[in-house]
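To start, the structure under review is shown below, and the notes come after it.
The values are calculated or read from the model by the stated rules, or taken from the named source; none is laboratory data. Just so we're clear, the structure is a prediction, and the values are computed from it rather than from any experiment. Here the Cβ is made from the backbone with ideal geometry for all residues, glycine too, and neighbour counts use every protein chain on show. What goes into the accessible areas is simple: the full protein's heavy atoms, side chains included, and nothing from ligands, DNA or RNA. Shrake-Rupley method; radii C 1.70, N 1.55, O 1.52, S 1.80 Å.
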Amino acid sequence: MTQQRYFSILEPAGSGGRREDLLQLKCYIDGEWKDSASTAPCRDAYNPSTGEVIAKVPQCTIEELDAAVAAAKAAYPAWSQTPVRSRVQILFRMKALLDQHLDELTLLLCREQGKTWAESRGDIVKAIEVTEFACGMPQLMKGESIMNVSKNYDTVLYREPIGVFLGLVPWNFPAMIPHGWMIPLCIAAGNTFVLKAATNCPQSAMRFMELWEEAGLPKGVINVVTANTADVEHLVKHPDIVGVSFVGSTSVGMEIYRKAAEAGKRVQCLGEAKNHALVLADAHLERSAAGIINAFCGCAGQRCMALPVVVAEESIADRLVELLVKLAGKLKVGCAYLPETELGPVVNARQRQSIVKWIDKGIAEGATLVLDGRSITVPGYENGYFLGPTILDHVTEEMSVGTQEIFGPVLCIKRVRNFDEGLELMNRNPFANGSVIYTSSGYYGRKFAFLTHGGQVGINVGIPVPMCIFGFTGHKKSFIGDLHVMGTDGVRFYTESKNVTSTWFTEETQIKVDTWDGMLAR
């Protein structure tokens, strides 16, 4: 039985279901929900649509962080030695529970993060997708072997779990990133996990944890804490943590990578992005414009695969901008969990202020403001953190607004003379998560895919996020590490290789050999 259901505190104000005494969140350590003993002030988590505080988030003490790691370490021997077919039975049950609670989880995510219903549902569905993939771990962990690799010698390669992993996650995908990109593959492979939940949006992760409990996960295999930024370093350097998976800003990711690597840990750090799309004169403009709107406004632009820059050939740039302004102006901005909403709020007041400052800076740098979303209000939700779609035209390479990540519903238009100029401009981008082209030409589509520096390439696809059987392959400053999340890279990140070489003989066939003589025998 679960001890606390976080979803129940998020009933709309005035419904009679709101429980103020449940606003104080807990941490989950060694199979128990516990109140933090921290005396540090709790952080507020908000409903972005209303501006109301919906949860108090504790900053766990160092002792509590250590207890979470200790619980994961203690659980590791038994869990790692549990047959992989038995481990994945829990994932099968978890997948069924996620399907069963899909609407509940979607509403919870709408209310704590601000995504629309469809976007929040997509966040949960991506977590389900990777859980399904991880159910195939008996196949994914299969090694390699050669019989008689050398005369009378056989070698088998096994993939084994490693130990306790740490997950440091952002607030923009509070379901998919921890419970999709990280946890399913990690625990299915036989490791244990400590999750530092996102401070702004921790409740989805906590509700997922309750479902893992219900699925029958043994205590200590997953532990969930919340902590201040300064104490994250303690976890990163912890001697009992063998690996760190991080998603966030590039600057923080580089620092985490350095500190974790210095301590001998394996690390994957997914950073910022400034994805560009090249629109050629032969593109279907109406279809391209619709795809661009979805790509730059979806999730209010708060995703690393957003499309914040369009590089348009000059001959069609004016027409394209006209279409974009027209389509963006039709989007229904509103409360995240209302079915008619097409663009929800950003996550909190600080994020909204940051985006507004970037828009102001772009105008000051000389960009032309052709659509302004700064002053939008939503009747009945005047305290929500809303921004309408914003489009800045004639953005040049000298303008920081066109090169730095804004993380909001802001689109920059850059103009070029031709394909080659556009490709060269895009390849100068220091970030390389996604790279997109809109064209009707197979020649230019193939040439673009071959020459672009982006890790995920879209040809007439505005958000080229791969299915989880492939890795999420950011390049350049968008990724620091060797092995990406999801796909075979994800399996390798959470496993270690072991080669076992053997030979057998009877008393009658025993011959005098040393190791090298035997292995080198032909």
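Figures for the structure shown
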item	result
Those strands (runs of 3 or more DSSP E) lying entirely in the range 133-192 with at least 3 residues among the aliphatic types (A, V, I, L, M)	144-150, 164-168
Matching entry among 281, 317, 290, 261 (being among the small types (Gly, Ala, Ser), at pLDDT 95 or above, surrounded by fewer than 23 Cβ atoms within 10 Å (Cβ to Cβ) and within 30 Å of residue 28 (Cα to Cα))	261
Residue 161 vs. criteria modelled with pLDDT of 95 or more and either in contact with a Leu (Cβ under 8 Å, 6 or more places away or on another chain) or surrounded by 20 or more Cβ atoms within 10 Å (Cβ to Cβ) (or both)	yes
Positions within the range 123-166 being under 30 Å from residue 342 (Cα atoms) and without any contact (Cβ under 8 Å) to a residue 24 or more places away in the chain, in sequence order	125
Residues that are part of a helix (DSSP H, G or I) and without any contact (Cβ under 8 Å) to a residue 40 or more places away in the chain, drawn from the range 353-386	353, 356, 357, 360, 363, 364, 365
Any pair with Cβ under 8 angstrom, 6 or more apart, that starts in the range 251-272 at a residue that is within 24 Å of residue 403 (Cα to Cα) and aromatic (Phe, Trp, Tyr) and ends at one that is open to solvent by less than 70 Å² (accessible area, probe 1.4 Å) and at pLDDT 95 or above	257/246; 257/267; 257/269; 257/480; 257/481
Within the range 387-397, considering residues that are in contact (Cβ under 8 Å) with a residue 40 or more places away in the chain and over 16 Å from residue 415 (Cβ atoms), the one surrounded by the fewest Cβ atoms within 10 Å (Cβ to Cβ)	388
Test: residue in the range 191-202 that is touching a Gly at 6+ places or on another chain (Cβ under 6 Å) and not small (Gly, Ala, Ser)	yes
Enumeration of residues in the range 187-206 that are of a type outside the set (A, V, I, L, M, F, W, C), buried (at least 24 other Cβ atoms within 10 Å of the Cβ) and under 17 Å from the mean Cα position of the chain (by Cα)	196, 202, 203, 204
Residue ID - surrounded by the fewest Cβ atoms within 10 Å (Cβ to Cβ), chosen from residues in the range 398-413 that are at negative phi and in a loop (DSSP other than H, G, I, E, B)	398
Single residue of the range 133-154 satisfying the filter (over 23 Å from residue 80 (Cα atoms) and not small (Gly, Ala, Ser)) that is most open to solvent (accessible area, probe 1.4 Å)	147
Selection count, the range 423-438, where residues are part of a loop (DSSP other than H, G, I, E, B) and among the charged types (D, E, K, R)	1
Filter result for residue 322 (in contact with a Cys (Cβ under 8 Å, 6 or more places away or on another chain) and among the charged types (D, E, K, R))	no
Single condition residue 229 does not satisfy, out of (1) in contact with a strand residue (DSSP E or B) (Cβ under 7 Å, 6 or more places away or on another chain); (2) over 25 Å from residue 472 (Cα atoms); (3) open to solvent by 10 Å² or more (accessible area, probe 1.4 Å); (4) of a type in the set (Val, Ile, Thr)	(1)
Meets criteria (free of Cβ contacts under 8 Å to residues at least 60 places away in the same chain, part of a helix (DSSP H, G or I), on the phi < 0 side of the Ramachandran plot and of a type in the set (D, E, K, R)) for residue 111	no
